[in-house]
Each structure stands twice: as C-alpha cells, then as structure tokens.
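Read the structure below first, then the notes.
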Amino acid sequence: MARTVRSRARRRQGALALVAFALCLGPAPALAGAWDDAMDAARAAFRAGRLEEAERQLRAAEREVTSVTPDALKQAQTLDSLARVYRARALYPQARQAAAEAFKILQALAHPAIVSPALLLGDLLMVDARIEEARRLFLEVVRVLEQMPQARLELAQALESLARTYSVQGRWADAEPLLTRARGLAEPASPILPHILESLAAAYRALDREADADVLLRRALALSEAEFGVDHPATARSLMLLGGLALDRAEFADAEALYRRALAIDEKVFGPDHPEIASVVAALASVESNRGHYAAAERLQRRALDIRTRKLGSEHPEVAGSMQSLGYLRLHQRQYLEADALVQGALVIVEKKLEPESFGVASALNMLANVRLRQKRYAEGETLSARSLAIREKLGGSSGPAMAAALDTHAELLTGLRRYAEAETYATRALALVERRRGASHPRVAIVLTTLATAYRDWGRYADAEPLYTRALEIREKALGPDHPLLAETLEAQAVLLRKTDREADAEKVEARVRTIRATIGTR
C-alpha cells in the first residue's frame, strides 16, 4: 500500500467569508441611521466570530430597508452580508437563497455591486463540487470587473476564486498566474491579501517551490494576526496551512501545535460541530496516523466523518474524503472488510458528485487499489490503479506527491502479479519524484525504497534488495522512531529476504522485533 505522510484536511473557505463580509459592509458611515447601526453591529459581531448575533443584527437591518424605509440597494447589501453569515455557519441552502435574492435585486438595478453575490454563488457551487459551473461564473465576474478600474480588490478576489477552480483539479500551472496577478492587485496591504498569499503558497508547494511557500505562509499569518486578531478564523486558516507544511516535513510536534491552536480558535467561533472543525480534527488525525497512533487517529477521523455527514450530507465529496481517510486507517489496523466498505462508499460518492476524470476520483480509485493489494487481489487492484494513474496523467498531475504515491501502489501490485520489470520501472519513477521533492531522507522515500526492495527480493535480485531495505530502515527509525508500525512493515519484508538467503537466526531476531512493535500498536 502507498503509505504517504500527508494531510487529509481540505480546509473550507469560512475564513475568507469573514474577510469578504467586512469588505461587503465597507467602513462605518459618518452619520448613522437605524440600518447603519444594525450593519455596524453586525460587522463587529462578525469580525469577533459571533455569527448568531451577526445574523440577528442583519435581520434587523433587513426589516429596516424593506418595511420601514424601503431601499433596494441596501436590501441587496444586507442580503449579501446575511448570505455570508449563513455560509460561515455552513447553512448552505439559506446562503444560496439570500445570495440569489441579492443577485436578483442588483441585476434589476444594473449595479456593479452584483459581483459580490455572484462570487458567493460561485463559492457555493464549489461547495457542491460543481466546478465547471463555478468557473464559468467566475470568468464572467472577472470579465465584468476588468472593465471597472476602481474595483481592484474585487478583481483580486475574483481571480483567486477562478484560480481555485483549477487548483481543486490539480491544474496548478493554470492557477499560479491568476494568483500572482491577484497578489499584485492586493499588495501592499488589504484584508484579502493573507488569503491570496495562502492560495499562492499552495500553488508554490504543488510546483516544488516549498521555500517560497513557507515565506508566503508566515507572512500571511502575521498579516492575519495584525488585521483580524490572534483568535480569528482567518488566523486559524493560516495556522492550518503552516501545520500542513510541518506535517509534510514530518515535523509532527510542530504540526500538532499549529493544528491545536487553530482548533481552539475555530471551536470558539463556530462551535464543536461545524465543517471547519471537521477539517482541523481530520488534520490532527493525520498527525496521529503518521506517528503510528492509529487508535487515536481513528477516533479523530470518526468525529470528522460524523460532523461532515451531518452538516454537509451523506453524499458530499468531503464526506468521501473522510471515508477514505478512515478506510486508510482501518487498512493499517488490518480491518479489511470495514476498509473495503468505506473506500468503496467513497468511490461511489465521488463518481456521482465529481467529474469522471478528476483528482477526487483518481484518489478514491488508488485507495481502493490499496485495499485490493492488502487482500492480495492483485489483478483487480492493478486495474483500479491503472485507471487512477491514467486520470492523473491526463490532468497533468505527473510530478506531485500524490502521483508518487499512486506509482508506488502500482509497483506493489505489479510485484504481486510477478511483473517485476514493470514494477521496477514504476517504483524507480516514484523514487525519483519523492527524492526530488522531499530530499533523500524523508519518510516518503522509505515507502518507495521498501516497495522497490520487495520487487527485487521477489525477483531474486537479493543483492539489489538488501541495501534498499537497510536504507529504508535507517530513514524510518530516525524520522519515526524505533517502534513505529511502518518500521515493522519494512522489518517484516527484510526478514523474508533474510530467510531467502539462509540467514535464519537473523530473520528470527528481526521477526521478534516486529512482534514487539505490533504488540504496542493497539495501545496507542
């Protein structure tokens, strides 16, 4: 199985909604009436994360401009702000209705402020994984805003939204120029600059510019803290992204500290059952999983799955993501029937909700291929894995960590089918990708080294296999510790080699160590 050190959290856009809300309201007027007072109070409540209070104030503002002193433009502005509150609270049907009403009013008025609800409607399409529809809407918004020189920040926000429709499909080369342009519009300082820097950092990470990504994320965190405060969801988002960077570097203590600080912020603002909380909890589960603490990771993933199922619906792609993550854990816990059911369920969801050739479908196919690998159903697994690789190749995701993991899975399946020369080709390609991106001593390197060594071992190339096992063990013991489950997997594979080369006593010692490690797994 491809055992990757990676974050499974897909951070939602709630923090950006808070920023957009502030922009939507604008500065407080010099002379305030009842509507202005209510909107000002809503602004303050929203920035403080008191979302229910913000909704109450906006309802009061809406009554003022619909019943007391009717004003269509102010009504639209109020509805747009109300939609953002609903969006932040994960009340998506209400958010769509309010945004659509605001859009209709502004369309009738032929007012340029129509771009605000249009962007929000596009974001809600993204929530529903309706990527192509969202892209068409964002392209139209960009076209309109390019004719409005005064709408610099709105154009920057639209470009970031448009870039997101490419980034969710792994089309980072298409996203990066849009984000660079958005950054230029948002510099040197603006409320949306931290979010744009974070999005650009994600593109840099995908394009192997990790040092540049780190600089941008740290600047984004500093800007968020200065602009919104240390306990604001925008700050939590920056912390989450820095945590993901630390997790990719196998800096587990740093990642956990960053995630826990983000969780404390988000629980204070959103409560315990918001999709934002599920994202942070899933990230913490990834930390525990990478530490080899599978029982602790399982508890966290089940919490994330429960929140997402209740708040997003049982057929949402983020629910599928949680099911895959939980299936991955159950696979490592050797609970193959539950892992199979979870991963097959995830595949059904993404094939229904996403485009047939999307990274979400490729990921689910690869995970199911891993289940078949553990079940020794190699031919079925190879078919699934080949489909996953074909999608990734077509979409252009041929050099990232997900591709390296998919290549590794395919190599393991080919080894099971005794197609050793092909397995060597795929494993060698995976090794080159991960070494180029992560360096020679990253835990991900040990994953592929073990796969390649096993292919050589079963091929009868014992002299080629042995140094690879040795190197993989050195990496894993140094990075993960002496009692990590993944270390046990490499030791177990090495013991087979020792027996094949008539070193029975050495094999018995290694197998005894494997038993000792595995005896501790259930206690963590």
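The values are calculated or read from the model by the stated rules, or taken from the named source; none is laboratory data. Because the structure is a prediction, the values reported are computed rather than measured. Here the Cβ is made from the backbone with ideal geometry for all residues, glycine too, and neighbour counts use every protein chain on show.
Before moving on, here are some points about what is shown:
- Set side by side, the residues 174, 208 differ, and just one is over 18 Å from residue 243 (Cβ atoms), of a type outside the set (A, V, I, L, M) and either at pLDDT below 90 or in contact with a Pro (Cβ under 7 Å, 6 or more places away or on another chain) (or both), which is 208.
- Any chance residue 82 is part of a helix (DSSP H, G or I) and either modelled with pLDDT under 85 or within 20 Å of residue 317 (Cα to Cα) (or both): no
- Scanning the stretch 356-388 for residues that are surrounded by fewer than 21 Cβ atoms within 10 Å (Cβ to Cβ) and closer than 16 Å to residue 404 by Cα yields 386, 387.
- Filtered residues of the stretch 338-359 (kept if modelled with pLDDT under 95 and either more than 27 Å from residue 165 (Cα to Cα) or not polar (S, T, N, Q) (or both)): 349, 350, 351, 352, 353, 354, 355, 356, 357, 359
- Total residues in the stretch 295-328 satisfying the condition of being under 19 Å from residue 255 (Cα atoms), surrounded by 23 or more Cβ atoms within 10 Å (Cβ to Cβ) and not polar (S, T, N, Q): the figure is 3.
- In the stretch 427-450, residue surrounded by the most Cβ atoms within 10 Å (Cβ to Cβ) [restricted to those that are more than 26 Å from the chain's Cα centre (by Cα) and under 18 Å from residue 385 (Cβ atoms)]: 450
- Qualifying residues in the stretch 150-167 (those that are among the polar types (S, T, N, Q), at pLDDT 90 or above and under 20 Å from the mean Cα position of the chain (by Cα)) - the one nearest to residue 187 (Cα to Cα): 161
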